[in-house]
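Asker: Take this structure first; my questions come after.
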Amino acid sequence: MREGTETLVRRELYSAPAYWIRSVDLSFDLDPIKTLVISRMQVEPNSAFAGHHEALRLDGEDITVTRVQVNGQSISFRLENGQLVLENLPSEPFQLEIRNTCSPEKNTRLNGLYTSGGGFFTQCEAQGFRRITFFLDRPDVMATFKVTLRANKQSYPVLLSNGNKVESGDLDHGRHYAVWVDPHPKPCYLFALVAANLVCREQRVVSRTGKDHLLQVYVRSGDLDKTEHAMQSLVAALIWDEARFGLSLDLERFMIVAVSDFNMGAMENKGLNIFNTKFVLANPATATDVDFGNVEAVVGHEYFHNWTGNRVTCRDWFQLSLKEGLTVYRDQEFTQDMAGSPSARAVKRIEDVRQLRQIQFAEDAGPMAHPVRPDSYQAIDNFYTSTVYEKGAEVVRMMATLVGRAGFARGMTLYFERFDGQAVTCDDFAQAISDANPDSALAPRLEAFKRWYAQSGTPRVQASGEYDADNRRYTLTLSQSCPATPGQSEKQPFVIPVALGLLDREGRALPMQFVGGPLASPTERLLVLEEASQSFTFINLDSAPVPSLLRGFSAPVILQAQASQDDLLTLLRHDSDAFNRWEAGQQLGLERLLAAVQADQNGEEPTLDAAFIDAMQALLRDESLDAAFRELLLTLPSESYVAERLVERGVAVDPQTIHRVRDAFRAQLAQALHADWAAVWDKHAQTGGYSPDAISSGRRALANLALANLVLDAARSGDTVWPGRAYQRCKDATNMTDRLGALSALVQAHAELAEPALARFHAQFRDEALVIDKWFTLQATAPESNGRVFARVKALAQHPDFSVKNPNRARSLLMALAQNPAAFHRADAAGYVFWAEKVIEIDAINRQLAARLARGLDRWRTLAEPQRGAAQEALQRVAAKPDLSADVREIVSRALAA
Ligand code: B3K
Ligand code: ZN
């Protein structure tokens, strides 16, 4: 047992293991109360340690060892800090056999071998395998696995593990068995087994190599009608990875299994992906367009790990972004390529950036700020963060930008040539991309570029332009800085690719020519900012241009450009870069929100000006724009994004004021554009037969936004027609996107009809767990008004359908509350008291889940009083618990540290 230990693990202290485990033969007698595990390993002393006779220290946690044998002879052993220590071992390779037991039913942490819905499932990344048997639980120890499963045949008809099934049959006493062999050496975090009563959808495909593959999606028998989209997504992912990167499936069989109790989204176990049901199950009646998109993205993500993560894995957990950043980049590209049109690609990019700025930027500014390649951790599970994943993906994206699309594909090829079958580092990856592109913009700057892996914090880029009319020149000066973050006070300059365009006042793209540069004058250029400050001069310009900076969000930085209102309006109307068009609109909205929050202190009512409303109206009416893009343009920056921008300006955050102001603006847009919203609704409300493609889902998204505005405006005007229509749509809708959109319109506007609609919805979907999750979330994320939302969340926590044991359900209510600033950050501290209770309650059951919820107060220091003091007290209350897990302790102590 290693409970409560708070040792800090450091990246610098990496050393190779004293022994290798080359193969392992595992056998399981599966029983919920007591499962017997026998592990036979081929162990080899690491020749680098020759002559030292190191002890072999095997990791173990919450398991009981009953016998240890070396080459068939029982030997003595001792347990030290939870590790099984074996001494006086042979200096030649030997066979080690360990027998131990574990208790899957008691494993409420959902880490290791556990039971869910009457079946057995595993989760081993990062350190769950040690909860199954004693092992060198580290990713640089790679072994081939043979697995024998024995279990009651009636209760567990399906027995699965990694690789290929080589044998199966019946045993005495109603039991049966199956033997699986995985020929690919792998670290133990990629081990998986499933024993359950499941059915599967299957399909055969032939890959480019000419090989035949069996694809299977396993679910509970009632869910088979929700597996088509996951299977289609898997086939699409297979084809895409071959086409874009030349990477084919290396397995005869590829399985996906859905489980309803799961700590995160999904897990890329070799050949046996285990998924949270939320990211597998989808049909039009129960899943929204967003769910369909998530299924495609996560199925793709886990499939892509088969190469980026499994074939080439991480040397140690500090290198996590090696596989996660790269695989997120790959799944983002996959979704964009699947979306097709340039406009649909831009929509996906905007959604990804919005997420990055909302979550990762806040993380980078708070107590949990860490580099993409962290330097230390207490609980590795706390470092599966937005920084490692999403910022890591941006780092890969910048490399791809600097070497170009074809260059990046070459880099990937070299990466696999060099490292296939090995456990490597982020440096190895960057080196391969660079070496494959010696003449690129990356190669000469590689060392400086790698600061993205080492330095935490979000860089700021200031831009200012000067036009010299006499010489018809425009000089753009870019400078960068990065605020101090925990443990890092000084930062060196980053290598920042800045995609740039110049527009004239009419919005036409201008050719961009450098002094003395080549004659070519494209309308977009990639500048590389690598010093603290640099100037770029463009010639032959007849008037002062409007710069379109950081197109496509070419680097994960905060741009401080001080663009004028006119410039922003020009960009909003005309920029050829869809991302920057959207960004200009966000800037215009943001400035108004910030000004109104400040003015609120003088008692001024928040009022939107005609110029802004007109601009929004023009966009809403512009039929040449995709519906999905208009939906994004017409959505104001979120409350948490506004809060972070206030922090930037040194203002203490009052979530209640931000909420009041943003709500007032929403209401004004709903009123001023009423007729336009009604017209949009008429045009987009009916989308015909359901298809989750980008065009149809964009139409549904815009229709739902229109309905939300119309129902919201009805709350002001007393109109009953629109709420009536929304209610009717809740009843009649033929797909979940429309139904939930209508329900959400009622709930968000606190319409009277919300109550009967919610009750009806619950009754209709009471047996669909994932839909009931939505029902909880919808209520917890409604705009707060007079404490009603918070009161409802507390009541819902007592609802018979609520349970903190199921992570999806717990998140659907509690994480949702933590993401609803005005409901959570109450002046009377009740939100924090409730939060602390739940963190402590859940920590006793499931520490990973509790640690995620504990992140909810990361940004307490930015709050104004009385919230600030109250939040601190709540954190202290949690920190004062003596038996807290290392996971939660790490989060709250970092939050409280000065
Ligand atoms: N690699 C897993 C995450 C495991 C999290 C462990 N706490 C899922 C993924 O990123 O694909
Ligand atoms: Zn991943």
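The values are calculated or read from the model by the stated rules, or taken from the named source; none is laboratory data. Keep in mind the model is a prediction, meaning the values are calculated, not measured. Glycine gets a Cβ as well: all are built from the backbone with ideal geometry, and neighbour counts include every protein chain shown. Accessible surface is based on the protein model in full, side chains and every heavy atom, while ligands, DNA and RNA are left aside. Shrake-Rupley method; radii C 1.70, N 1.55, O 1.52, S 1.80 Å.
Asker: If you go through segment 562-583, how many residues are closer than 14 Å to Leu550 by Cβ, open to solvent by 30 Å² or more (accessible area, probe 1.4 Å) and part of a helix (DSSP H, G or I)?
Answerer: 2
Asker: Next up: Quick one: Ala230 ticks every box in (1) away from ligand 1 (no atom under 16 Å from the Cβ); (2) closer than 29 Å to Thr108 by Cα bar one, so which box is it?
Answerer: Here Ala230 clears every test but (1).
Asker: For a quick check of your reading of the model, give me the residue pairs whose first member lies in segment 720-739 and is closer than 16 Å to Trp677 by Cα and in contact (Cβ under 8 Å) with a residue 12 or more places away in the chain, whose second is in a loop (DSSP other than H, G, I, E, B) and among the charged types (D, E, K, R), with beta-carbon atoms closer than 8 Å and at least 6 apart or on different chains.
Answerer: Pairs that qualify, where the first residue is closer than 16 Å to Trp677 by Cα and in contact (Cβ under 8 Å) with a residue 12 or more places away in the chain and the partner is in a loop (DSSP other than H, G, I, E, B) and among the charged types (D, E, K, R), are Pro723/Glu752.
Asker: With the requirement that a residue be within 21 Å of Thr122 (Cβ to Cβ) and either among the charged types (D, E, K, R) or open to solvent by less than 10 Å² (accessible area, probe 1.4 Å) (or both), what does segment 312-323 give you? Outline the logic, then answer.
Answerer: The initial filter retains those residues of segment 312-323 that are within 21 Å of Thr122 (Cβ to Cβ), namely 313-314, 317, 320, 323.
Correct list: Thr313, Cys314, Leu320, Lys323.
Asker: Here's another thing I want to ask about it. Which of the residues that make up segment 821-834 are open to solvent by less than 10 Å² (accessible area, probe 1.4 Å) and under 23 Å from the mean Cα position of the chain (by Cα)?
Answerer: If the condition is that a residue be open to solvent by less than 10 Å² (accessible area, probe 1.4 Å) and under 23 Å from the mean Cα position of the chain (by Cα), then Phe824 is the only one that fits.
Asker: Here's another thing I want to ask about it. Looking only at segment 723-770, filter to residues that are open to solvent by less than 20 Å² (accessible area, probe 1.4 Å) and of a type in the set (Phe, Trp, Tyr); which one of those is farthest from Ala822 (Cα to Cα)?
Answerer: The residue in question is Phe765.
Asker: Sticking with this one: I'd like to know if segment 97-107 contains one or more residues that are away from ligand 1 (no atom under 16 Å from the Cβ) and of a type in the set (A, V, I, L, M). Full working, then the answer.
Answerer: Within segment 97-107, the subset away from ligand 1 (no atom under 16 Å from the Cβ) is 97-106.
If we keep only those that are of a type in the set (A, V, I, L, M) as well, we get 98.
Yes; the residues of segment 97-107 include at least one that is away from ligand 1 (no atom under 16 Å from the Cβ) and of a type in the set (A, V, I, L, M).
Asker: Please go through segment 400-422 and pick out each residue that is assigned to a helix (DSSP H, G or I) and either open to solvent by 50 Å² or more (accessible area, probe 1.4 Å) or at pLDDT below 95 (or both).
Answerer: Thr401, Arg405, Ala406, Arg410, Thr413, Glu417, Arg418
Asker: Okay, next question. Being within 15 Å of ligand 1 (Cβ to nearest atom) and open to solvent by 20 Å² or more (accessible area, probe 1.4 Å) is the requirement here; does Glu351 meet it? Quick ask: steps written out before the conclusion?
Answerer: Values: within 15 Å of ligand 1 (Cβ to nearest atom): no; open to solvent by 20 Å² or more (accessible area, probe 1.4 Å): yes.
Considered against the rule, which asks whether it is within 15 Å of ligand 1 (Cβ to nearest atom) and open to solvent by 20 Å² or more (accessible area, probe 1.4 Å), Glu351 comes out as no.
Asker: Check every one of the helices (runs of 4 or more DSSP H) wholly within segment 423-502 and list those with 1 or more residues that are of a type in the set (S, T, N, Q) and open to solvent by less than 20 Å² (accessible area, probe 1.4 Å).
Answerer: 426-435
Asker: Of the residues that make up segment 190-202, is at least one in a strand (DSSP E or B), open to solvent by less than 60 Å² (accessible area, probe 1.4 Å) and within 16 Å of ligand 2 (Cβ to nearest atom)? Break it down into steps so the answer makes sense when it comes.
Answerer: Within segment 190-202, the first condition is being in a strand (DSSP E or B), and the residues that meet it are 193-196, 199-202.
Pick out the ones that are also open to solvent by less than 60 Å² (accessible area, probe 1.4 Å) and you get 193-196, 199-200.
This time we only want the ones that are within 16 Å of ligand 2 (Cβ to nearest atom), so: none.
No, the conditions are met nowhere in segment 190-202.
Asker: Report, by residue number, each residue of segment 269-296 that is within 11 Å of ligand 1 (Cβ to nearest atom) and open to solvent by 10 Å² or more (accessible area, probe 1.4 Å).
Answerer: Of the residues in segment 269-296, the ones within 11 Å of ligand 1 (Cβ to nearest atom) are 269, 273-276, 279.
Within segment 269-296, Phe279 is the sole residue that qualifies.
Asker: Let me ask something additional. Could you please find all residues in segment 840-857 being open to solvent by 20 Å² or more (accessible area, probe 1.4 Å) and either free of Cβ contacts under 8 Å to residues at least 24 places away in the same chain or outside any helix (DSSP H, G or I) (or both)?
Answerer: Ala844, Ile845
Asker: If a residue must be in contact (Cβ under 8 Å) with a residue 12 or more places away in the chain and either under 17 Å from Asn709 (Cα atoms) or open to solvent by 60 Å² or more (accessible area, probe 1.4 Å) (or both), how many such residues does segment 630-651 contain?
Answerer: Going residue by residue through segment 630-651, those that are in contact (Cβ under 8 Å) with a residue 12 or more places away in the chain are 630-649, 651.
In the following step, the residues that additionally are either under 17 Å from Asn709 (Cα atoms) or open to solvent by 60 Å² or more (accessible area, probe 1.4 Å) (or both) were identified as 630-638, 648-649.
Selection size over segment 630-651: 11.
Asker: Kindly provide the set of residues from segment 235-268 that are away from ligand 1 (no atom under 16 Å from the Cβ), touching a residue at least 60 places away in the same chain (Cβ under 8 Å) and not hydroxyl-bearing (Ser, Thr, Tyr), ordered by number.
Answerer: Just the residues of segment 235-268 that are away from ligand 1 (no atom under 16 Å from the Cβ), to begin with: 235-236, 238-240, 242-253, 260.
With touching a residue at least 60 places away in the same chain (Cβ under 8 Å) added as a condition, the list becomes 236, 238, 240, 244-247, 250-253, 260.
Of everything in segment 235-268, those that are away from ligand 1 (no atom under 16 Å from the Cβ), touching a residue at least 60 places away in the same chain (Cβ under 8 Å) and not hydroxyl-bearing (Ser, Thr, Tyr) turn out to be Ala236, Leu238, Trp240, Arg244, Phe245, Gly246, Leu247, Asp250, Leu251, Glu252, Arg253.
Asker: With the checklist (1) out of contact with any helix residue (DSSP H, G or I) (no Cβ under 8 Å at 6 or more places or on another chain); (2) under 23 Å from Phe275 (Cβ atoms); (3) not in a loop (DSSP other than H, G, I, E, B) in hand, flag the one item Thr108 doesn't pass.
Answerer: It fails just one condition, (3).
Asker: Among the numbered conditions (1) within 15 Å of ligand 2 (Cβ to nearest atom); (2) in contact (Cβ under 8 Å) with a residue 40 or more places away in the chain, tell me where Arg315 comes up short.
Answerer: (1)
Asker: Report, ordered by the first and then the second residue, all pairs with beta carbons closer than 9 Å, sequence separation of six or more or different chains, a first member in segment 56-67 that is at positive phi, and a second member that is modelled with pLDDT of 95 or more.
Answerer: Sorted first by the residue in segment 56-67, then by its partner, the pairs are Asp62/Cys102; Asp62/Ser103; Asp62/Lys106; Asp62/Asn107; Asp62/Arg109; Asp62/Gly112; Asp62/Arg130; Asp62/Arg131.
Asker: What are the pairs, 6+ residues apart or on separate chains, where a residue within segment 206-234 that is without any contact (Cβ under 8 Å) to a residue 24 or more places away in the chain has its Cβ under 6 Å from a residue that is buried (at least 21 other Cβ atoms within 10 Å of the Cβ)?
Answerer: Correct list of pairs: empty, since none qualify.
Asker: Next question, about the same structure. Just need a number here: residues in segment 111-153 that are basic (Lys, Arg) and not in a strand (DSSP E or B).
Answerer: First pass over segment 111-153, keeping only residues basic (Lys, Arg): 130-131, 138, 146, 150, 153.
From what is left, the residues that are not in a strand (DSSP E or B) are 130-131, 138, 153.
Adding up the residues that qualify gives 4.
Asker: Also: Could you tell me whether Thr313 is assigned to a helix (DSSP H, G or I), within 16 Å of ligand 1 (Cβ to nearest atom) and among the hydroxyl-bearing types (Ser, Thr, Tyr)?
Answerer: Taking the combined requirement at face value, the residue does not satisfy it.
Asker: Right, another one. State whether one or more residues within segment 151-166 are hydroxyl-bearing (Ser, Thr, Tyr) and at pLDDT below 95. I'd like the intermediate steps shown before the answer.
Answerer: Taking segment 151-166 and keeping what is hydroxyl-bearing (Ser, Thr, Tyr), we get 155-156, 161.
Remaining after also requiring at pLDDT below 95: none.
Scanning segment 151-166, I find no residue that is hydroxyl-bearing (Ser, Thr, Tyr) and at pLDDT below 95, so the answer is no.
Asker: Let me ask something else. Could you tell me whether segment 832-839 includes any residue that is in contact (Cβ under 8 Å) with a residue 60 or more places away in the chain and either at positive phi or assigned to a helix (DSSP H, G or I) (or both)?
Answerer: Narrowing segment 832-839 to residues in contact (Cβ under 8 Å) with a residue 60 or more places away in the chain: none.
No - not one qualifying residue is present in segment 832-839.
Asker: Mind checking which helices (runs of 4 or more DSSP H) fall wholly inside segment 588-660 and carry at least 2 residues that are more than 21 Å from Gly366 (Cβ to Cβ)?
Answerer: Numbers: elements: 610-621, 627-633, 639-648.
Counting at least 2 such residues, we get 610-621, 627-633.
Asker: Would you point out which residue out of Ser23, Ser27 is in a strand (DSSP E or B) and open to solvent by less than 30 Å² (accessible area, probe 1.4 Å)? Write out each step before concluding.
Answerer: On the way: Ser23 fails: open to solvent by less than 30 Å² (accessible area, probe 1.4 Å).
Only one candidate qualifies: Ser27.
Table: residues versus (1) within 16 Å of ligand 2 (Cβ to nearest atom); (2) in contact with a Leu (Cβ under 9 Å, 6 or more places away or on another chain); (3) open to solvent by 10 Å² or more (accessible area, probe 1.4 Å).
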| residue | (1), (2), (3) |
| --- | --- |
| Gln73 | no, no, yes |
| Val85 | no, yes, no |
| Asn88 | no, no, yes |
| Phe94 | no, no, no |
| Leu113 | no, yes, no |
| Gly117 | no, no, yes |
| Val141 | no, no, no |
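Asker: Of the conditions (1) within 14 Å of ligand 2 (Cβ to nearest atom); (2) buried (at least 23 other Cβ atoms within 10 Å of the Cβ), Asn382 fails just one. Which one is it?
Answerer: Every listed condition holds for Asn382 apart from (1).
Asker: Among the candidates Ala243, Ala237, Ala266, Ala258, single out the residue that is under 24 Å from Arg739 (Cβ atoms) and either surrounded by fewer than 24 Cβ atoms within 10 Å (Cβ to Cβ) or within 19 Å of the chain's Cα centre (by Cα) (or both).
Answerer: Numbers: Ala243 fails: under 24 Å from Arg739 (Cβ atoms); Ala237 fails: under 24 Å from Arg739 (Cβ atoms); Ala266 fails: under 24 Å from Arg739 (Cβ atoms).
Testing whether each residue is under 24 Å from Arg739 (Cβ atoms) and either surrounded by fewer than 24 Cβ atoms within 10 Å (Cβ to Cβ) or within 19 Å of the chain's Cα centre (by Cα) (or both) leaves just Ala258.
Asker: Looking only at segment 334-348, which residues are within 16 Å of ligand 1 (Cβ to nearest atom) and open to solvent by 10 Å² or more (accessible area, probe 1.4 Å)? Outline the logic, then answer.
Answerer: Of the residues in segment 334-348, the ones within 16 Å of ligand 1 (Cβ to nearest atom) are 334-335.
Residue satisfying the conditions is Thr335 alone.
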